[in-house]
Structures are given as C-alpha cells and as structure tokens.
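All remarks here apply to the structure that follows.
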Amino acid sequence: MLARDTDWRQGDLLTREAAAALGLVAAVDEERRVIVITHDCDLPHGSELCVEVIVAEMVVKEDPQLSYAKNPRRLHLAYEGINAAPLILELRHGDRRSVPKGDFAERAVKDHSLALPIDAKRVLKQWLAARYGRPAFPNEFEERLRKGKVERKIAKILEPDAKYLVGLFFDLGEQRGTEAVEGEPYALSVSVVYDANEGGADARGAAERVAMQLRELFENTYGKPDVATEIALDACEAVADTYLTLADLRRVDQWRLEYISLRDGEQGDFLPVGEIPV
C-alpha cells in the first residue's frame, strides 16, 4: 500500500514501462501515457483501495478549445520537460481506469522527466470536478438557445480566440432556476473572461472582439433587449480574470462547449452545461 510519505501526486505521469506492467497500455504503445488523477490526500488514505488514472492520448498540438476545462469531456494538458518540447496529452473521462493500490505500489514508477506546471494542475482539478459539479440551465433557456443553432454559432465565435479566454459566464439573475413562460424573456448578462496575466493586451482585444460578436448574434437572433421575447442580452462585456470576484462566481454559471464533445459518439446536439471554476 502507499504510505503517508509517498511522493505520488495528482497529475503525475507513469513511465511507459510501468503503465505496461500494470496492463494499462500495450508494451509497444508509444502514443498513450497514463496520468494519476486520484487526489493527493486520497493516495495514501487507508480507506481508498484503488488509484484512479486516465490513459491519455499524445497529440501534436494543443487545441485552445480543450484548454481551461472549457470542454467537460476532453482536456488538453501540456507537460514540461527539461530541454525538451512540451508533451501534449488529451484526456477523456471515458478512459479512466482503477488500479488496486497494492498493484500500484508494487509496479508504478513515476516519470520524473516530465512535470505538470502548477497552473495546469489547477486546470486538471477543475476539469475533474466539472464532470459532476456542473448544474443545468433551465430547460426553456436551453431550448431558446437552440433557436437558429445559436449555441453552435457561439462556439464558432469563440474558436479563433479561445487561447486567450478563460471562459464564458452566463448570469440569469433571479431566473437562474426558472422555466420562463412564452413571451417572457430571459434577461441574460454575459462575461467574456480573459487571461489578463498571460495574454495581456492581446487577450483583452480578443475578449472585446468576442463580446461584440456575441452581442450582434443575440440581437440578430432574438432582437434588441427592449423588444426580445425569448432571450434579452442586457450586457455582454470582456472581463479580466483578475477582476472576477468570488461573489461574481457564485452568481454566474460557466457555459461550456459540451455539445462539441458529443460528436465523438454522434449522440446529438446541445446538453445543459455550466458551473463556476474551482
């Protein structure tokens, strides 16, 4: 079993040889790597009998649409190595595995040549939590978002500037859990949150560009706020992540590009999404 002094942490990589020894990948498989996803505190805890891992696929280039936990089913993480190019891995919840702790303690070996940066580990935690923590928007609101495939058009607007964006946050105010009746519009405020520290002026410009396009999309689809009968976009602004407060996050829900992930299984269109980041 893993002792209290174990140096294993969430986000650590197994060596290829260890992953093969545990039966998680084939010995000749050089395209997949295994990541520990069990929480740091649970790794040595006696009541936890297994270590959870994800068998991740290596990809050539990081997709901005799969960063910052924007997609709740798929995530791209970049591992850093000494004097080596970053290793980009794609994680999918469907590729989770459980390894008995005894087997893990006996055969698992950490790959010390690659490390997950602190910010990336925070994203990993957010992505793992989002799978079960995202609340649904009202059914009627979702139905109205499907009008004219607005949700797909939102995704297309976000795609060119996704690398600068932390997320898109919807504020429905007191209608957050309300099924509006016909003729009663949802009053919506949108915050396009950008990474102020990493992106700087470019990120702000990208977020402002996205906010402008979203305002045009909603007005063209639903009409201006004073005449809209389905969704009235009262505000849509670019917001730096450094200005977003805890009070703000408790009031809003994050809109994620979840319907895109459904294309993998060809299961249909848009599903309810959202949640504040952790």
Query raised in the report: How much accessible area per residue does the chain have, in Å², with a 1.4 Å probe?
Result: 50
Query raised in the report: Convex hull volume of the Cα atoms in region 83-194, per residue, in Å³?
Result: 174
Query - Relative packing of peptides 185-195, 229-239 - highest average C-beta neighbours within 10 Å first - result: 185-195, 229-239
Report task. Please turn the phi angles of region 171-177 into ³J(HN,Hα) values with the Karplus equation 6.51 cos²θ - 1.76 cosθ + 1.60 (θ = phi - 60°), one per residue in order, whole Hz, x for glycine and proline. Result -> 10, 9, x, 6, 8, 4, x
Report summary line: Spelling it out for residue 239: with amide H atoms placed in the peptide plane at 1.01 Å from N, the residues 5 or more places away or on another chain with amide H under 5 Å from its amide H are 192, 193, 194
Query raised in the report: Per the Kirkwood treatment, what hydrodynamic radius in Å, one decimal, follows for region 5-74 from the mean inverse distance over all distinct Cα pairs?
Result: 13.7
**Report entry** Residue-averaged 222 nm ellipticity for the chain, from DSSP H runs of 4+ at -39500 (n - 2.57), nearest 500
**Finding:** -8500 deg cm²/dmol
Query - Share of alpha-carbon pairs per 5 Å distance bin for region 187-235, given as whole % - result: 5, 22, 25, 17, 13, 10, 7, 2
Requested in this report: Would you be so kind as to identify which of 243, 188, 100 lies farthest towards the positive end of the dipole of the chain, taking Lys and Arg as +1 and Asp and Glu as -1 on Cβ and the Cα centre as origin?
Outcome: 100
Query raised in the report: Between region 118-185 and region 237-252, what's the alpha-carbon centroid distance in Å?
Result: 15
Report task. Search the structure for amide H atoms under 5 Å from the amide H of residue 187, placed 1.01 Å from N in the peptide plane, and list their residues when 5 or more places away or on another chain. Result -> 232
Requested in this report: Once you've got the Cα coordinates, tell me which of 70/110; 125/156; 61/149; 70/121; 101/121; 121/147 are over 25 Å apart.
Outcome: 70/110; 125/156; 61/149; 121/147
Report task. Pop out the carbon and sulfur fraction of the accessible area of the chain as a percent, whole number, probe 1.4 Å. Result -> 49
Query raised in the report: With +1 on each Lys and Arg Cβ and -1 on each Asp and Glu Cβ, how big is the dipole of region 1-148 about its Cα centre, in debye rounded to the nearest 20?
Result: 580
Report summary line: Once phi for every residue in region 3-17 is put through the Karplus expression 6.51 cos²θ - 1.76 cosθ + 1.60 (θ = phi - 60°), the whole-Hz ³J(HN,Hα) values, with Gly and Pro written as x, are 8, 4, 8, 4, 9, 6, 9, 4, x, 5, 9, 7, 5, 4, 5
Requested in this report: Can you sort 243, 68, 79 by 1.4 Å-probe accessible area, starting with the largest?
Outcome: 243, 68, 79
Query - Evaluated at q = 0.13, 0.15, 0.26 Å⁻¹: base-10 log I(q)/I(0), Debye formula over Cα of region 72-133 - result: -0.46, -0.61, -1.14
Report summary line: A correct Karplus calculation of ³J(HN,Hα) over region 109-125, with 6.51 cos²θ - 1.76 cosθ + 1.60, θ = phi - 60°, whole Hz and x for Gly and Pro, returns 10, 7, 8, 7, 7, 10, 9, 9, x, 4, 4, 5, 5, 5, 5, 4, 4
Requested in this report: In debye, nearest 20, what is the charge dipole magnitude of the chain about its Cα centre with +1 on Lys and Arg Cβ and -1 on Asp and Glu Cβ, if you could check?
Outcome: 320
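The values are calculated or read from the model by the stated rules, or taken from the named source; none is laboratory data. All of these numbers come straight from a predicted model, not from anything done at the bench. Cβ coordinates were reconstructed from backbone atoms using ideal geometry, including for glycine residues, and neighbour counts include every protein chain displayed. We work out accessible area using only protein heavy atoms, side chains counted, and drop any ligands, DNA or RNA first. Shrake-Rupley method; radii C 1.70, N 1.55, O 1.52, S 1.80 Å.
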